[in-house]
Each structure stands twice: as C-alpha cells, then as structure tokens.
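None of the figures in this text is laboratory data; all of them are computed from the coordinates on show. A quick note: this is a predicted structure, and the numbers were derived from the prediction, not measured. We place every Cβ from the backbone using ideal geometry, glycine too, and count neighbours over all the protein chains shown.
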C-alpha cells in the first residue's frame, strides 16, 4: 500500500444486511448467466428467500446489540442508526412479500412477467388497457387452453428486484447527498426495466416504462442540480456539514434554499407526492401487478426514509424557512389524491391516487422535526407498505379472459362469487381509509398527533377532511362488491398459489396486528434519532 494512503474503517457488522442483499443480486446475475433456463426459476426463488432471510437474521442480531447512538461508516457515507435499522427491517419484510408475488406462476399461468425481456408488443394497434387487443394476449394462455403450456417467466426480474432493494437500503442510510444520488439511480434503473415486463397488455406496460424513465430522468436531474447548489453553499455534501453551514452564516441563503427546492423535487417525485406524481397512475396501471406492489410499498418506504433524513439532519435547524413551502406541497398532494381518486374507474389507478393522498399525510410527520415525527412516520411507512402490498395481491386474483379485471364495474357482486376475497379486500380498503382496529387508523393517529404537537394544527384539519373524502372511493368499491349484482359474464376469482397466499396473508395479519396491538412496533420506531 502506498505510503500516506489510509484505508477508512468499515463497520462490516453494521452494513452486513446491505452487503447480503447486494451479494444476492450479484449471485442472481451469475445464475442467469450459467444455469439452464429450466433451472433458473427454482434457483432464483430459493436464492431470493435465503438472501432476504440471511439479511434479516444479521439485521436482527446487530440491532439486538446496537446502542441508541448509531454508527457512521464507509468514510461517513452511511449512517446506521435506529431509524435506519427500522427502515431496513421494513424493506426486507416488504421485499420478501414482493418477491413472493413476483415469483408466483399460478395466478397468471407462467407468471405475471413475460417470458422474453426483449420481446416487443405486436405492431398495428395501441393497447387501450382493456385487454381487448390481440397484442395483449401474446404471452397469456387463451381461454380453454392448458395453463401449464404457458411459457415461464423471465427470471432476470429477480436480480433486478434485489439491485433495486439494495439501492433502497442505501438510500435510507445515506449520510451525504452524493451517496444518496447514487443510491437513487441504483434503485430506479431496475424499476424502469421491470415496469415494461408485463406478460399481458404489452403496449401499456412499455408505455409505462418509458414514462417512468423519462420523468425519472428529469427528477434525477433536479436532484443533482440541487446537490450542486448546496455544495456551492456549504462546501460539502455531507448532511451534518450542510446543517452546520446553514446555522449562523453571514452569507446569502439563496444557494441553500434554491438547492433545497430542487432537491425536494427529486425526492417528492420518487415518493409520489403531488404535484410531482404525474408518473404514478400510468405506471401503477401499466406495470405488472407484482412489480406495482413492489414499487408502491418499498419505494414509498425508501423515498420517505430519505426525505426524513434530509429534513431532520441537514435542514432541521432551518425548518421555519422551508416549512411553509412543504405545507403547500402537502395540501396539494392530499387534495389531488383525494379528489382525483374519486373520478377513477380503474382500481389500480384508484390505488395510485390513494398513494398520492397518503404521501401528503406522510409529509406531516416528515415536517414535524421531533422524535414523535420520526416514530410516527416510520410506523406509517410500515403500516402502509403491508396494506398496499396485500391490496395488489388481491387485485391480481380478479381476472377475466384477457387478464386482470381492473375496471371497477367488473368488481360488482364480487362477494357473491368469492366471499373470502371480497372480505379481505374490504378489510384492506378500510385500512387505507384509516378505520379503527386497522393499522391505517393507528398510523394516521401517530402522524397527526406529531404534527399537532409541532404546531401544524390547520394542516391536520385539512388532512382529516382529505381522509374523509378519500374514504368515499374506498367505500365505493366495498359497496360494489357487496351490494351490487354480478354481471353474468363477469370475471372469476383465481385460486392463488402458495406464494400469493403467503404474501396476502402476511399483509392482512400485519394490518390487523398494527391496528389492535401497535405498541411494540411504535416502541421500535421510537427507539432513536437520526445521526449525521
């Protein structure tokens, strides 16, 4: 080693879960390169489950002996503190549920992912999203055919999932803006590809992927430009250095707040916060439903984990200067999600606008620069992630001859066809609405209480009104399922395989437990503060 070069100390125990997930992604690439095609699916599924289990085990062991102060490692690029450990555990649990949904080959014969990643949709017509065009049935089993004859899924989606998951884990632990930007790209690029891999409705899926990629590129550019302006102001991209430079400085703050504004655009885009949500309904609708579940649950956790760290560590002492702007953003997100959600006739788009409304609620906790704001937001992310994951699992079960029956009219009378699915969906929708005895009620109560305690009473009132409006379109689906007559040629409900059943059951149980017995999770979420 050359004289004068000092290797930075690395706390391998602290970052072991991240290294295991990244290593699983790399091994998955080798599986794709060297195993015969017919052996890849079982190998990738086994590798994925073992990788997440190993990462979860090491995380549990480390968290059991970690102190409340946390550690900063890798030349202060990563901060592994109590909120980071909570977010990592949440991402691993949601990642397991997402992998199970992606791996399932019983709901859609062959899997929801198309068999060849390089295949194009048929030319000669634009998919309307109704499943009526011939290009929408290129890879599905026609009615009356043998489902086992459907070609198996493209297993490259598994390493894509793990690369995205490793980027999310890095994003929530990033202690400087440059590491955060790199993690943002690592989590985003696989998602752009995964959105275009739907077996059915190929044109809609490819359109969603292109929209997500183009708008994501713009958002990344905003983030990077904001990073440059903040570096010009503070002379550093480390969050703690930015906080130190912004307090008591005699310099003009124009660069600082211009940089923060651009930074916020990039972060809010990834979190589906209105009015930076324009990609969300199209991508949720067009992407394969298991991929949509992965994005809706895990990406929301990662994005708000990053937002919490930036606002609390770098800009907590200057909150009175930027809080008014985020008030407006939060109000816009809640109103857009609640009002436009009322007009949706596609259930995946309805859940997308629900996500926009929930992002506005989450911003209340992010803006409350208090321990209660941190714990409330972390608990909300845990509750929302499992609730949403299970909802998309249920959505994948209601199908007609052309694939998923996503139009709301097709859900009429579902309780008469499959009471179990209807009652499960109703419970999950009530969870999103925030009805008592569900995790949604406890999560909203925690976030709204933190916001109220930090002087945001008017914003809490607006959030309560938006919650009441949003509850209407959840209840509309419940009324359709239980109090309407099913159409004679209406969709059927597919009996899920073990993987989808496990993912839905996990989501339902967590939604119930966090509503009835939330104390343990709230105590975990309140176990520490961000370090820098």
Pulled fully out, how much extra length does the chain show between residue 247 and residue 464, if you take 0.36 nm times their separation in residues and subtract their Cα-Cα distance? 74.7 nm
For a footprinting-style exposure proxy, rank 510, 374 by other Cβ within 10 Å, fewest first. 510, 374
Any chance you could give the angle, 0 to 90 degrees and rounded to 10, that helix 157-173 forms with the longest Cα principal axis of the chain? 30
Förster radius 22 Å - calculated FRET efficiency between residue 54 and residue 152, Cβ distance, rounded to 0.05: 0.25
What angle, in degrees between 0 and 90 and rounded to the nearest 10, separates the Cα long axis of helix 319-341 from the longest principal axis of the Cα atoms of the chain? 10
Which value, in Å³ per residue, describes the convex hull spanned by the Cα atoms of the range 437-481? 58
Starting from the exponent 0.38 and prefactor 2.2 Å, build the expected Rg for the range 383-440 from its residue count and divide its actual Cα Rg by it. 1.16
Proxy reagent accessibility, fewest Cβ within 10 Å first, across 99, 71, 247, 29: 247, 29, 71, 99
Using the number of other C-beta atoms within 10 angstrom as an exposure proxy, rank 81, 346 with the fewest first. 346, 81
Looking only at Cα atoms, what is the convex hull volume of the range 429-514 per residue, in Å³? 109
In units of 2.2 N^0.38 Å, what is the alpha-carbon radius of gyration of the range 320-457? 1.17
Stretched fully, the stretch from residue 489 through residue 254 gains (0.36 nm per residue minus C-alpha distance, one decimal, in nm) 78.4 nm
Principal-axis tilt of helix 347-367 within the chain, Cα atoms, nearest 10 degrees: 20
Inverse of mean 1/r across different Cα pairs in the range 475-532, Kirkwood, Å: 15.6
How much space per residue, in cubic angstrom, does the convex hull of the C-alpha atoms of the range 239-307 take up? 82
Kirkwood Rh in Å, taken over the chain so that all alpha-carbon pairs contribute: 23.3
